[in-house]
Amino acid sequence: MSHELTAEAISKRVGGRIEGVADVTVSGVASLREATPEDVSFLGNEKYEAQVLPSKAGVVLVPETFSSPPPSGRTWIHCADPSAAFSELVEFFAPPPVDCSPGIHPTAVVADSTAIPESVHIGPCAVIEPGVRLGEDTVVAAGCYVGHDTHLGRECKLYPNVTIRERCRLGDRVVVHSGTVIGSDGFGYLPGEEGHTKIPQLGFVQIDSDVEIGAQVAVDRARFGRTWIKRGAKIDNLVQIAHNVIVGENCFLVAQMGIAGSSELGRGVIAAGQVGISGHLKVGDRATLMGQAGISKDVPPDAVYFGTPAMDRKEFARQMLAVRQVPGLRARVKELEQIVERLREKLE
Amino acid sequence: MSHELTAEAISKRVGGRIEGVADVTVSGVASLREATPEDVSFLGNEKYEAQVLPSKAGVVLVPETFSSPPPSGRTWIHCADPSAAFSELVEFFAPPPVDCSPGIHPTAVVADSTAIPESVHIGPCAVIEPGVRLGEDTVVAAGCYVGHDTHLGRECKLYPNVTIRERCRLGDRVVVHSGTVIGSDGFGYLPGEEGHTKIPQLGFVQIDSDVEIGAQVAVDRARFGRTWIKRGAKIDNLVQIAHNVIVGENCFLVAQMGIAGSSELGRGVIAAGQVGISGHLKVGDRATLMGQAGISKDVPPDAVYFGTPAMDRKEFARQMLAVRQVPGLRARVKELEQIVERLREKLE
Amino acid sequence: MSHELTAEAISKRVGGRIEGVADVTVSGVASLREATPEDVSFLGNEKYEAQVLPSKAGVVLVPETFSSPPPSGRTWIHCADPSAAFSELVEFFAPPPVDCSPGIHPTAVVADSTAIPESVHIGPCAVIEPGVRLGEDTVVAAGCYVGHDTHLGRECKLYPNVTIRERCRLGDRVVVHSGTVIGSDGFGYLPGEEGHTKIPQLGFVQIDSDVEIGAQVAVDRARFGRTWIKRGAKIDNLVQIAHNVIVGENCFLVAQMGIAGSSELGRGVIAAGQVGISGHLKVGDRATLMGQAGISKDVPPDAVYFGTPAMDRKEFARQMLAVRQVPGLRARVKELEQIVERLREKLE
């Protein structure tokens, strides 16, 4: 039961303007390079401009300002935001989402099923310990573990094989992808010559509403009190959040970055891939930490930091430039030495 | 059934000295910033000194030398080690630990349950393959997999969804957090133009007593022989331990660091977050590898290394300084050039 | 029922030449340092040459050119490729592989078992959703999840606790190690002041034949179309592959490296541990990215890149050298200043 759309229909949907053949029909979406004449594609990033003309796509969404006309037999649709328009079409052509209808799978192990709302989906082999609360329409997929006295709000979604340990608190519409672990012990020991003594990790993890957490993430429970991820933060795969960290509202934490214990990120911080943040630091609101930056001191609001140890991006650029100037500087010093030597000979 | 403690009682417990109101009662623990008048808090790191006076905590554990008196109506308890003292109180007020009473859950799949001591806990949907040995009081939580002929000692704890493959050897009191994989194949291939040929990974992983391993860690089995984590080592989340690595006694390996094949760490090495250690290297006893260091040659005992490629911390600091000196040096060379030019003009 | 081999038999197997005692028998393999007189060992890397003589190994495979004679009572076998020869012996002495005989474990949850070939192994508590296709002799071990309409070819192996989400396509002989997640949502949002809007991730992941993927890896599904790992690529543990990435044939991706969205690697690229590749980049065929490199622009074929931001290795070496020259340069400038000052005094 595949969907189809004419160029006309697409143009209406996205508020665009057709250039080229109008009576063409497409039945799928694809990138410029992979598209066939049955696909609609788009130019969302000027880096790919050179791919538009060679593309086989029947229809291409292009920016309003795109000036090359379509080759014979093909179609452009000019629109204000090709990327957003394309997203809509992707959804139109998408296969139906996976069914997570309400109910508890017979192989799930639910300590107290009377406490589970009827609208909740619990998948095969999921384990729900005593004291767990799940809000309406929440989905706990196959193989998930939800520990003692942990609470999830409404419309949360745990993808297969997520682990959430005891006493955690998740708000509404929290999404957690497969493999992620929430509430593991923080890394705390009293070092000793004869062996290190574990500092008990007795707090919990609080994740506010509308947070999404990628796959393979680790969020440690607090030593005491809470590790806290605030509303709307988005966390990519393989990220490390240590004990007692606070992640501010609407932060973006990109893959493989990590935050050491007790550090605190303000609102809207962007930490790019593989960034590392040392412990007990503050990163100000809206700061941007560039890829692989190693943050070893507080970062002011709105700053852009780069390098290890990280510094303001402009200072980093100055230092890169300084290094590249050394060979020229050596040549100049050598020349000076020769000139000065000649002057000295003349003088003596 | 919540616990309560008076300032008097706390002071006795921690061997401290009360300053301020003595007859106050608290019923919980919290950080200085999150505390209410019903909480006891602490000053464990001088970075947080400015938070003591504004805190709402009823009682604050402070160092013996802390000199500001408590505001009216509040209480300090001076003690030798506020952090250690606070840890004790955290445990006092902690909720009871999760119950892992002996027994095999009916949904667990245990190849040979007659070989399992009665004191062992095996959680729902855990899988125990043939030939597995588990010591007294060991806990294998929900969803764990323990492969063929793997042996665990006494009082080990595998948190939910841990995977341990075949023929591994774990000592006593080994703790492994959720999501971690032990005994996956090492990454070894004979490269070829037409495709790479896998080198079979036929060894195992040995983890000695009192090791703790965080969440989402990967420890590969040896190509032959063993990958070996020695007694008392503590490993944080998302760490990579490649095949045939040896981690010395009481090492600390912080989150997201990784060790390539056949490298060997001595006793008490500290590797900070996101450190990378190349293959076939030796890191000497008690060496410290600072955050994100990239270790590409052997590290002597007691050294402190930083940077990529890593070098002695002092050498790294000298290089950082050198880079910052370049602009000043350029200015001096320019000035010299002008002076020399004037001298030359005078002389000619 | 342990295996034994005489030095004579080993020499024949590996096409080698015996030096020293010929009538010795070994029953296992070990590294030079861990070997006993009952073991055969090998010298595969000249770094370990100094370990050959002190080793207790009964038999050591050495290169043809190895010149020190064996101590009294011990045996060398000279051969062309000691490492490859040793690999053969490792396999000879290896314990039998874990049994994965055909059949569906009664605790597995298989939506439509009539569609599963009889040669397939499905382990305990594995979950196979509707529409899944599995090729002949494929193994899905304990606790794995295979999502709706995902297809696996022949002789694939999913180790315990792997998660593959809906609509993914895996070729033949694809191996996936424990804990890995394939098909999680890409990290895509439209940023907004009042919260970020999720961009639906409606594509899939395609993994071609003969790919092997380590433990704890995350491979995100495409925003639309596919994230694509091509034939023969080998991926180590804890690697991040973002949405719409293309990994070329026979690439090697070492542990903890990551690739951001829509980047494309050519054939035979080697990315060492902890490398980070930004989004929308191209890395040319056979390029080598050294450990922890941060790739922020396209990399030409056959290039060797290092550093953050990454550059040609030779340029990186030049910069390292330049930094080390600064102190000497400062000394020369200081001396020049003094000479020039004296010249000026003389002149005036």
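Okay, residues lined up against (1) open to solvent by 30 Å² or more (accessible area, probe 1.4 Å); (2) assigned to a strand (DSSP E or B); (3) free of Cβ contacts under 8 Å to residues at least 40 places away in the same chain:
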| site | (1), (2), (3) |
| --- | --- |
| C:231 | yes, no, no |
| C:237 | no, no, no |
| C:250 | no, no, yes |
| C:262 | yes, no, yes |
| C:267 | yes, no, yes |
| C:273 | no, no, yes |
| C:280 | yes, no, yes |
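Inside segment B:80-94, residues that are open to solvent by less than 50 Å² (accessible area, probe 1.4 Å) and free of Cβ contacts under 8 Å to residues at least 40 places away in the same chain make up a count of 3.
If you go through segment B:1-24 and pick out every residue that is open to solvent by 50 Å² or more (accessible area, probe 1.4 Å) and within 30 Å of residue A:246 (Cα to Cα), you end up with 4.
Scan segment C:147-165 for residues that are surrounded by fewer than 20 Cβ atoms within 10 Å (Cβ to Cβ) and within 10 Å of another protein chain (Cβ to nearest Cβ) and jot them down. Of everything in segment C:147-165, those that are surrounded by fewer than 20 Cβ atoms within 10 Å (Cβ to Cβ) and within 10 Å of another protein chain (Cβ to nearest Cβ) turn out to be C:148, C:149. Residue A:286 falls short of the stated requirement of being on the phi < 0 side of the Ramachandran plot and at pLDDT 95 or above.
So in segment C:323-348, with the set limited to residues that are open to solvent by less than 50 Å² (accessible area, probe 1.4 Å) and more than 9 Å from chain B (Cβ to nearest Cβ), which one is nearest to residue B:336 (Cα to Cα)? Per the criteria, the residue is C:339. It is to be established whether one or more residues within segment C:277-290 are within 11 Å of chain B (Cβ to nearest Cβ) and within 25 Å of the chain's Cα centre (by Cα). Yes, the conditions are met somewhere in segment C:277-290.
Taking the criterion of being assigned to a loop (DSSP other than H, G, I, E, B) and either within 9 Å of chain A (Cβ to nearest Cβ) or closer than 18 Å to residue C:273 by Cβ (or both), the residues of segment C:296-320 that qualify are C:296, C:307, C:308, C:309, C:310. Screening residue B:244 on (1) within 8 Å of another protein chain (Cβ to nearest Cβ); (2) crowded, with 24+ Cβ neighbours inside 10 Å; (3) over 25 Å from residue C:51 (Cβ atoms) shows it passes everything except condition (3). Scanning segment B:154-167 for residues that are in a loop (DSSP other than H, G, I, E, B) and under 22 Å from the mean Cα position of the chain (by Cα) yields B:155, B:156, B:159, B:160, B:161, B:162. Selection within segment B:25-65: residues that are open to solvent by less than 30 Å² (accessible area, probe 1.4 Å) and in a loop (DSSP other than H, G, I, E, B). The member of this set that is farthest from residue A:282 (Cα to Cα) is B:58.
Of the residues making up segment B:225-240, those that are touching an Asp or Glu at 6+ places or on another chain (Cβ under 7 Å) and under 24 Å from residue C:39 (Cβ atoms) number 4. Of the residues in segment B:98-111, at least one is within 29 Å of the chain's Cα centre (by Cα) and at pLDDT below 90.
Counting only residues that are among the polar types (S, T, N, Q) and over 24 Å from the mean Cα position of the chain (by Cα), segment A:68-97 holds 3 of them.
Looking across segment A:179-215, the residues that are open to solvent by less than 30 Å² (accessible area, probe 1.4 Å), among the hydrophobic types (A, V, I, L, M, F, W, C) and either more than 7 Å from every other protein chain (Cβ to nearest Cβ) or assigned to a loop (DSSP other than H, G, I, E, B) (or both) come down to A:182, A:199, A:205, A:207, A:211, A:213, A:215.
For segment B:101-131, a residue qualifies if it is part of a loop (DSSP other than H, G, I, E, B), touching a Gly at 6+ places or on another chain (Cβ under 8 Å) and within 13 Å of another protein chain (Cβ to nearest Cβ), and the qualifying residues are B:105, B:108, B:111, B:123, B:124, B:125, B:126, B:129.
Listed conditions (1) open to solvent by less than 10 Å² (accessible area, probe 1.4 Å); (2) closer than 30 Å to residue B:39 by Cβ; (3) within 11 Å of chain B (Cβ to nearest Cβ); (4) not in a loop (DSSP other than H, G, I, E, B) are all met by residue A:222, apart from (4). Taking the condition in a loop (DSSP other than H, G, I, E, B), among the small types (Gly, Ala, Ser) and closer than 18 Å to residue C:14 by Cβ, does residue C:73 pass? The answer is no for residue C:73. Taking segment C:135-146 as the range and being of a type in the set (A, V, I, L, M, F, W, C) and within 14 Å of chain A (Cβ to nearest Cβ) as the test, the residues that pass are C:140, C:141, C:142, C:144, C:146. Residue selection: residue B:176 satisfies the criterion of being under 22 Å from residue A:217 (Cα atoms), surrounded by 24 or more Cβ atoms within 10 Å (Cβ to Cβ) and in contact with a Leu (Cβ under 9 Å, 6 or more places away or on another chain). Search segment B:25-49 for residues being over 27 Å from the mean Cα position of the chain (by Cα) and of a type in the set (D, E, K, R), and hand back the single one that is farthest from residue A:244 (Cα to Cα). It comes out as B:38.
The values are calculated or read from the model by the stated rules, or taken from the named source; none is laboratory data. No experiment lies behind these values; they were computed from the predicted model shown. Counting neighbours? That spans all protein chains shown, and the Cβs are built from the backbone with ideal geometry, glycine included. Heads up: the accessible areas ignore ligands, DNA and RNA and are worked out on the full protein's heavy atoms, side chains in. Shrake-Rupley method; radii C 1.70, N 1.55, O 1.52, S 1.80 Å.
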